[in-house]
Amino acid sequence: MDTLASQATPQIHADTCVKTCCRSIAYTYNDPVIFMEYAIDAAKACREQNINSVAVSAGYILAEPRTEFFSHMDAANIDLKGLNENFYHTFCSGHLQPALDTLIYLLNETDYWVEITNLIIPGENDDPAELQAMCEWIMGKLGPFAPPALHCFPSGL
């Protein structure tokens with residue numbers, strides 16, 4: 001099997017970063033927890049070349065694999081979709097608490113950079129009271145140094 005996918009080894013990623021003077025690599029677009037073993041192997045290969053690894057995730061992962069996965073990362077960006085269990089159930093077929101648990105873990109148990117992304121969907125998760133509650137939760141549970149990366153999309157997207 002000689003396809004591009006079969007050539008995308010963890011070492012190829014690290015070597016490409018070195019050749020292009022890239023100082024970090026992000027595991028994103030498909031949540032890296034679904035390809036955890038591959039992301040860990042790539043992060044290990046990159047770390048050997050002093051390349052940092054960034055996980056971009058919804059944070060939906062159990063405690064034991066979370067510890068293993070994030071021990072190989074150098075930074076994280078967690079998408080907190082809101083502070084509303086109903087939104088998580090309706091739009092994500094999941095629950096809010098695992099994302100909150102991951103954020104608490106990352107801010108309390110690791111020493112690397114953590115960002116929080118909140119994609120605002122007009123009419124779905126843009127209630128000012130809910131956004132205020134989310135900001136208060138971040139300040140209360142994570143502290144003032146948890147950097148948010150808020151993204152707003154215009155109506156119709």
Check your understanding: Taking the condition in a loop (DSSP other than H, G, I, E, B) and among the aromatic types (Phe, Trp, Tyr), does Tyr38 pass?
Key -> no
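In the stretch 75-85, how many are surrounded by fewer than 19 Cβ atoms within 10 Å (Cβ to Cβ) and within 18 Å of Pro32 (Cα to Cα)?
Matching residues across the stretch 75-85 total 2.
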Study note, to complete from the structure: Only unsatisfied item for His13, checking (1) surrounded by 13 or more Cβ atoms within 10 Å (Cβ to Cβ); (2) in contact (Cβ under 8 Å) with a residue 40 or more places away in the chain, is (2)
Practice item. Please state which of the following conditions Tyr88 fails to meet, knowing it meets all the rest: (1) buried (at least 17 other Cβ atoms within 10 Å of the Cβ); (2) touching a residue at least 24 places away in the same chain (Cβ under 8 Å). Key: (2)
**Study point:** Members of the stretch 88-144 found to be within 28 Å of Glu68 (Cβ to Cβ) and of a type in the set (Val, Ile, Thr), listed by number
**Key:** Thr102, Ile104, Thr110, Val114, Ile116, Thr117, Ile138
Exercise for review: Can you tell me which residue within the stretch 41-56, out of those that are in a helix (DSSP H, G or I) and of a type outside the set (D, E, K, R), is nearest to Thr102 (Cα to Cα)?
Suggested key: Ala43
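For the stretch 25-48, name all the residues that are touching a Cys at 6+ places or on another chain (Cβ under 8 Å) and surrounded by fewer than 14 Cβ atoms within 10 Å (Cβ to Cβ).
none
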**Study point:** Residue, modelled with the highest pLDDT, within the stretch 99-133, restricted to residues that are part of a helix (DSSP H, G or I) and surrounded by fewer than 16 Cβ atoms within 10 Å (Cβ to Cβ)
**Key:** Ile104
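The values are calculated or read from the model by the stated rules, or taken from the named source; none is laboratory data. Keep in mind the model is a prediction, meaning the values are calculated, not measured. Heads up, the Cβs are rebuilt from the backbone with ideal geometry, glycines too, and the neighbour counts pull from every protein chain shown.
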